[in-house]
2 protein chains.
Amino acid sequence: MIEGGSVTSPRGFRAGAVYAGIKTAGEGKLDVALLASDRPCAAAAMFTRSSVKGAPVLVSQEHVRDGRAQAIVVNAGIANVAMGETGMAHAREMCALAAAKLGVAPADVLVGSTGVIGKRLPMEKVRDGIARIGLHPDGGHAFARAIMTTDTRPKTLAVRFGCNGRDFAIGAAAKGSGMIHPDMATMFCFLTTDAPVDPTFLRDALRDAVDDSLNMISVDNDTSTSDTVAILANGATGGETIDASHACAAAFAAALHQVCVGVARMLARDGEGAEKLIEVRVEGAASQADARAAARTISASPLVKTAVHGNDPNWGRLLMAVGRSGARIDLARAHVWLGGTQVFAGEPLAYDEQAASDELRREEVLLRIDLGCGGEAATAWGCDMTPEYVHINSDYTT
Amino acid sequence: MIEGGSVTSPRGFRAGAVYAGIKTAGEGKLDVALLASDRPCAAAAMFTRSSVKGAPVLVSQEHVRDGRAQAIVVNAGIANVAMGETGMAHAREMCALAAAKLGVAPADVLVGSTGVIGKRLPMEKVRDGIARIGLHPDGGHAFARAIMTTDTRPKTLAVRFGCNGRDFAIGAAAKGSGMIHPDMATMFCFLTTDAPVDPTFLRDALRDAVDDSLNMISVDNDTSTSDTVAILANGATGGETIDASHACAAAFAAALHQVCVGVARMLARDGEGAEKLIEVRVEGAASQADARAAARTISASPLVKTAVHGNDPNWGRLLMAVGRSGARIDLARAHVWLGGTQVFAGEPLAYDEQAASDELRREEVLLRIDLGCGGEAATAWGCDMTPEYVHINSDYTT
């Protein structure tokens, strides 16, 4: 982990952001951001599986198809979704403006927008904003602040990994926040690395890392119109291109995995209104799919989240969530723990209710269940559900 | 609709309830209830699709398999789930106790338990309670009160329908309440009729009615460990047995449909913490499955529910929910209305925000969307999400 690391920790990346007036004004607010590499990059990205995709998602899908990109332009405040041809034109124009500023092709720019749906982007402000952005080798934190919506803090981190005598970095900037109930949270995670990575391997490594991390804070079809994860690999540190058979492949994949899990935990912890991070470990599953489904369903369950909020050791809700997930469970062989306190072993155990409640009182709550059916396991992350969640979402546009 | 109607409105049914001490004490509380016909009945039932089923569900499935039953015994306060062989023995004993009291076979008694999971039923209290129950021809309201958990009011109704010169009734007692977010709500709906109905037709008519009503307040696999819908048809009013080809089949099915929709609306309106009933109408869907999925996903979305709570005309969340449901939508041909105010017609419309907000201020809020893809339609029901929902669920067991 690099202290104070960000998307500009890897060599050859610069970033910057300005306040263009898309978000309502506020001290230190930023809402248009640009991230750029000083040379072409291998690129890979994953997008929302929603059948209603925002215009920026459609344009970015097109631009990343060739496995190459060099910059990412983002605004927060308005999501540019459901705006028809106008929305597509605006997303393309954002790419063109960033491209002209950087002297690259518009097709090498990815674009993201997050915020309210069904409002028109004020393009005069966006144009002015992009023109005013200054790019800096330490601009990663400004970039992370600019992409926030209801996030209470920017999410940025970076790690180093060594291989073949070289010292590479991977950096991340992310936003989430509607994650307390994953449906419709808009999640952005932008990643950079100075390692030289083959585009096909980059895509596969990204998918694997995201499946164990960002996809474990969001139930499958519970994705917003705008969810985007993208990585740019510019190779600025030099060395041979890393593909799946390269000696550095495992080190790169492990570092990417570490970054993505770190981001997932940050996103879950800063869920709207959240006071606690919940980690759900499912073991003893008959299949990997069962393990994931059970872990995600528990972590997403409002009844589990509210019980954790109230320090209520109502562990029956974990079994209910497993039942709802469709995962196979053999109740006679199943085990359930709240933190270190076991509460079920084929049948309910006598346990110290105060000790169990204290397990839920921590800032990081661990819920663990053995389904008693096999050897597969998975981990998911969520947060507690608080009255503040309802307050935040009751008057988002007004 | 029969004024003040209940499960004892149809001829030949009696019911009663007592306070046995399973729920925490409170004025006028009841927690063990019995419903019985004075003669054998055709019976049909539908149960939770959860992979973790309560013992009462497993026993009732066994008892209804022959299409016959004569009584239903229920307790509230403890759900008798995840209790292993002990739980099965307790559910069987509840049937046996009711059967002995009524002079019928245990296999002709259905059983339901609702409340906390993973706690042992205090059988001495249950035995004493069942022994003390007095059955009355107007006991339907006591029965409905006894099956409540966090419900704020009992749910009971009955309708009449005439056919072939006879006057039949269908009655209902239901409980729900965790319906604000459908997952894990335990829903009971017990139905009675004095019409003579063929068991196969009864099963099919029940499934059709439930698919359009109770299943439209609950996302498919979002069912609790204990959900139960059961109907007893005792034929006390006489006449020929009604099967699918009988002249009265359509009248019976229509009346059953009316009762189930009435119950669905009652359950949604009394969702935990709810202040408003939300009705979601989806039109223009490419398939019936799409229409149902879109309507259910909108009605279950926390972001839609919180927006309605805050009278916030944030209609973009409806499009997000449709996208998440996987239903096909043609945005260029789609239309969205909040009550009578249209806000989207292929693109966002200029609309009066105050008027739209006022549409959400009603006790019954109508959300309507045309997917622009075909001729199929569906209706779902939900309720707004309030801070009170979180409060209720943060300290359920403590």
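Laboratory data are not the source of any read-out in this text; all were calculated from the coordinates shown. Note that this is a predicted model, so its numbers are computed, not measured. Note that each Cβ is placed from the backbone with ideal geometry, even for glycine, and that neighbours are counted across all protein chains shown.
General remarks:
- Förster-model FRET efficiency, 51 Å R0, B:Glu27 and B:Arg68, C-beta, rounded to 0.05: 0.85
- Amide N proximity, region A:248-270 versus A:Asn164 label position 7 Å along Cα-to-Cβ, cut-off under 18 Å: A:248-256
- Length added when fully stretched, B:Arg333-B:Ser287, from 0.36 nm per residue minus Cα-Cα: 14.9 nm
- For B:Gly139, the shell of other residues with beta-carbons less than 12 Å away shows a net charge of +1, using +1 for Lys and Arg and -1 for Asp and Glu.
- When only alpha carbons are used to place a centre, region B:311-327 and region B:1-72 end up 38 Å from one another.
- Going by neighbour counts of Cβ atoms within 10 Å, the residues A:Val111, A:Val390 line up, fewest first, as A:Val390, A:Val111.
- Region A:48-132: relative contact order in percent, alpha carbon pairs under 8 Å with at least 6 residues between: 39 percent
- Positive minus negative residues near B:Gly12 (Lys, Arg vs Asp, Glu; Cβ under 11 Å): +1
- Note on chain B: Cα convex hull, mean projected area over all directions, 19.0 nm².
- Per residue of the protein assembly as shown, the DSSP helices (runs of n ≥ 4 H) give a summed -39500 (n - 2.57) that works out to -10000 deg cm²/dmol at 222 nm.
- Here chain B carries DSSP beta bridges of which approximately 70% are antiparallel, counting only pairs with both residues inside.
- 10 Å Cβ neighbours from other chains, averaged over peptide A:299-310: 5
- In degrees, nearest ten, helix A:316-325 long axis to first principal axis of chain A (Cα): 60 degrees
- Here the contact order of chain A, divided by its residue count and restricted to Cα pairs under 8 Å and six or more residues apart, works out to 17 percent.
- Going from the residue with the fewest nearby Cβ atoms within 10 Å to the one with the most, B:Met88, A:Met94, A:Met46, A:Met266 rank B:Met88, A:Met46, A:Met266, A:Met94.
- Peptide B:82-94 - average C-beta neighbours from other chains (10 Å radius): 2
- Calculated FRET efficiency for the pair B:Arg39/B:Glu124, C-beta based, R₀ 30 Å, to 0.05: 0.40
- Antiparallel bridges, percent of DSSP beta bridges restricted to the protein assembly as shown (to nearest 5): 70 percent
- Prolate/oblate/rounded call for region B:277-394, Cα gyration tensor, a/c under 1.5 rounded: oblate
- Dipole moment magnitude, nearest 20 debye, the protein assembly as shown about Cα centre, only Lys, Arg, Asp, Glu C-beta charged: 40 debye
- Within 10 Å of the Cβ of each residue in B:17-23, the mean number of Cβ atoms contributed by other protein chains is 0.
- Cβ nearest the rotation axis (B onto A), residue from chain B and distance to the nearest whole Å: B:Pro387, 2
- Contact order normalised by residue count of region B:277-394, Cα under 8 Å, 6+ apart, percent: 45 percent
- Local net charge near B:Asp358, Cβ-Cβ under 14 Å (Lys/Arg +1, Asp/Glu -1): -3
- Straight-distance crosslink candidates among aspartates and glutamates, where the alpha carbon sits under 16 Å from B:Lys23 and sequence neighbours closer than 8 are dropped: B:Asp31, B:Glu124, B:Asp128, B:Asp151, B:Asp395
- For B:Asp31, A:Asp66, order by how many other beta-carbon atoms lie within 10 Å, fewest first: A:Asp66, B:Asp31
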